[in-house]
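Have a look at the structure below before the remarks.
The values are calculated or read from the model by the stated rules, or taken from the named source; none is laboratory data. This structure is a prediction, so every number in the text was calculated from the model and none was measured. Cβ: placed from backbone, ideal geometry, glycine included. Neighbour counts: every protein chain shown. Note: accessible area is taken over every heavy atom of the protein model, side chains too, but ligands, DNA and RNA are not part of it. Shrake-Rupley method; radii C 1.70, N 1.55, O 1.52, S 1.80 Å.
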There are 2 protein chains.
Amino acid sequence: MLKLYYAAHTCSLASHIALNDAGATYSTVRISFADDEQRKPEYLAINPKARVPALVTGKGVLTETPSMLAFIAQSFPQARLAPLDDPFLFAQVQAFNSYLCSTLHVAHAHRMRGHRWVDDPAAIAAMQRKVPETVGACYRLIEDKMLEGPWVMGDTYTICDPYLFTMAQWIEGDGVDPSLFPKVRDHRRRMSERPQVQNAVAEELA
Amino acid sequence: MLKLYYAAHTCSLASHIALNDAGATYSTVRISFADDEQRKPEYLAINPKARVPALVTGKGVLTETPSMLAFIAQSFPQARLAPLDDPFLFAQVQAFNSYLCSTLHVAHAHRMRGHRWVDDPAAIAAMQRKVPETVGACYRLIEDKMLEGPWVMGDTYTICDPYLFTMAQWIEGDGVDPSLFPKVRDHRRRMSERPQVQNAVAEELA
């Protein structure tokens, strides 16, 4: 059985939702960042990166949200969570998720995790000041060039959707006005109405 | 025919090598960052992110190195550049590439592209000071936990290898001592001896 290590309010929610979308049987283990559990030997044995999420499978441990989402889609093909038979369409799905991972999530991380890249408190504060601009620029690109609607890839729901929804939880906190991005906002609302999403969110906040 | 938009000394080299590994027929277009060509309307029509690489295919444009590498592997299955028939092994390949994209490349980018995340010159300098530590930490994890040897995934060459080789071009420039990471250094040397790598490098520097 699949086991998802997650922390509340993090990007692990994307894989958590996708497991629900796939109809997978899974269990969850909550990692408390407040207690620094991600750096304890028990967890480092699972994921030496000291990050969430991690997915324990029958063959070993997987990390990194884009790869976990592709794994879930490929492992549960009947759920049709990605265009698995078309390398170009699959790559488009993956390109969207890679952008969220390496650009949008990184821009967001400069608000609360600036210590990853700098030690000086004044520099951390300077980073935080730019987050509304950098995160906003990502949403401008998503709104205008990427999000087809109603789902990210158009009429078909894919593994892009839980990932965007997860990132979109942080819009207001990042100092970005969601009314500037009506397609993103509508997507977030539409996602929040899905029972699979509600189940994953409820499990994480229980 | 595939057309790769690249800039010299950037991560586009990974896809360029993979196209050679795949035996693909392709053409290249060099984008000059010195001339700011990545922000000109002609290029923004191809890739509105104003970044390289971009791969023009018969079905449309792809961006984001991890997705492009997976696309090349899936489009040329006879080249056996990824374990395409095993979702877990494929996800491991993708997880490695996702880590390079979202953690190692991001750590490196704080040396020369700090303006992406901060405006204050003093903060940019503070970022640069931490790059040897953050990039070094990535290579510590790669050396100790990820790079199986002789290739990233062990005995079989995959799309992880050109990507690691590409990142490893920047080790010294990032202030990291490669002698601390003998497996990474040996991998870089072994890659540099491959004709496919030599061909891609020669095309970019011609």
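How much of the DSSP beta bridge set in the protein assembly as shown is antiparallel, as a percent to the nearest 5? Display every interim value, and only then the final one.
Details: 16 of 26 bridges.
The answer is about 60 percent antiparallel.
Separation of the range B:20-48 and the range B:139-206, taken as the distance between their Cα centroids, equals 24 angstrom.
Which entries of A:LYS145/B:LYS40; B:LYS130/B:LYS183; A:LYS130/B:LYS49; B:LYS59/B:LYS145; B:LYS3/B:LYS40; A:LYS145/B:LYS3 show an alpha-carbon separation above 27 angstrom in the structure shown? Those over the limit are B:LYS59/B:LYS145.
Report the FRET efficiency, 1/(1 + (r/R0)^6), for A:GLU133 and A:LYS3, where r is their Cβ-Cβ distance and R0 is 30 Å, rounded to 0.05.
Values: r = 39 Å, r/R0 = 1.29.
The formula returns an efficiency of 0.20 here.
Counts of other chain beta carbons within 10 angstrom of each beta carbon in peptide A:74-83 average 1. Per residue of A:147-153, other chain Cβ atoms within 10 Å of the residue Cβ number 0 on average. Remark: the protein assembly as shown is approximated by an ellipsoid whose semi-axes, taken from the C-alpha gyration tensor as √(5λ), come to 29, 25, 24 Å, largest first.
Summarise the partner chain shielding of B:45-53 as one whole number: the mean count of Cβ atoms from other chains within 10 Å of each residue's Cβ.
Across B:45-53, the average partner-chain Cβ count within 10 Å equals 2.
Between this copy and the others, label points of A:ALA34 are 5.5 nm apart in ascending order, each placed 7 angstrom from Cα in the Cβ direction. Across the identical copies, the label point of A:PRO195 (7 Å from Cα in the Cβ direction) is separated from its matches by 5.9 nm, in order from shortest. In this structure the range B:149-200 gives 41 Å² per residue of accessible area when probed at 1.4 Å with all protein chains present.
Starting from the Cα gyration tensor of the range A:1-121, take the square roots of the eigenvalues, sort them a ≥ b ≥ c, and report rounded, prolate or oblate (rounded when a/c is under 1.5, otherwise prolate if a/b is larger than b/c, else oblate). Since a/c reaches 1.5 but b/c is at least a/b, the shape of the range A:1-121 is classed as oblate. By the gyration tensor of its Cα atoms, with a ≥ b ≥ c the square roots of the eigenvalues, what is the shape of the range A:147-206: rounded for a/c under 1.5, prolate for a/b over b/c, or oblate? Oblate is the answer for the range A:147-206, as a/c is 1.5 or above yet b/c matches or exceeds a/b.
Sorted by accessible area (1.4 Å probe), largest first, how do B:ARG80, B:ARG111 line up? Show your work: numbers first, answer last.
Details: B:ARG80 185, B:ARG111 60 Å².
Ranked list, largest accessible area first: B:ARG80, B:ARG111.
Extending 7 Å from Cα along the Cβ direction at A:ARG39 and again at A:GLU172 yields two label points whose distance is 3.1 nm.
The B-A contact accounts for roughly 3600 square angstrom of buried accessible surface, both chains included, probe 1.4 angstrom.
Among A:115-127, B:39-51, sorting by the average number of other beta carbon atoms lying within 10 angstrom of each residue, highest first, gives A:115-127, B:39-51. When peptides A:131-143, A:160-172 are sorted by average Cβ neighbour count within 10 Å, with the highest value leading, the order is A:160-172, A:131-143.
If R0 is 60 Å, the Cβ-Cβ spacing of A:THR57 and B:ALA202 corresponds to a FRET efficiency of close to 0.90.
Counting only DSSP beta bridges with both residues in chain B, tell me the antiparallel percent, nearest 5. Display every interim value, and only then the final one.
On the way: 8 of 13 bridges.
Counting only bridges with both partners in chain B, antiparallel ones make up about 60 percent.
A:ALA137 label point (Cα plus 7 Å toward Cβ) to equivalent points in the other copies: 2.4 nm, shortest first.
Calculate, in nm to one decimal, what A:SER32 and A:MET112 gain on full extension: separation in residues at 0.36 nm each, minus their alpha carbon distance. Can you show the working numbers first?
Details: separation 80, 0.36 × 80 = 28.80 nm, distance 1.61 nm.
Value of the extension gain: 27.2 nm.
Shown here is the pair-distance distribution of chain B: with all Cα-Cα distances grouped in 5 Å bins from zero up to the longest one, the shares run 1, 7, 15, 19, 20, 17, 12, 6, 2, 0, 0 percent.
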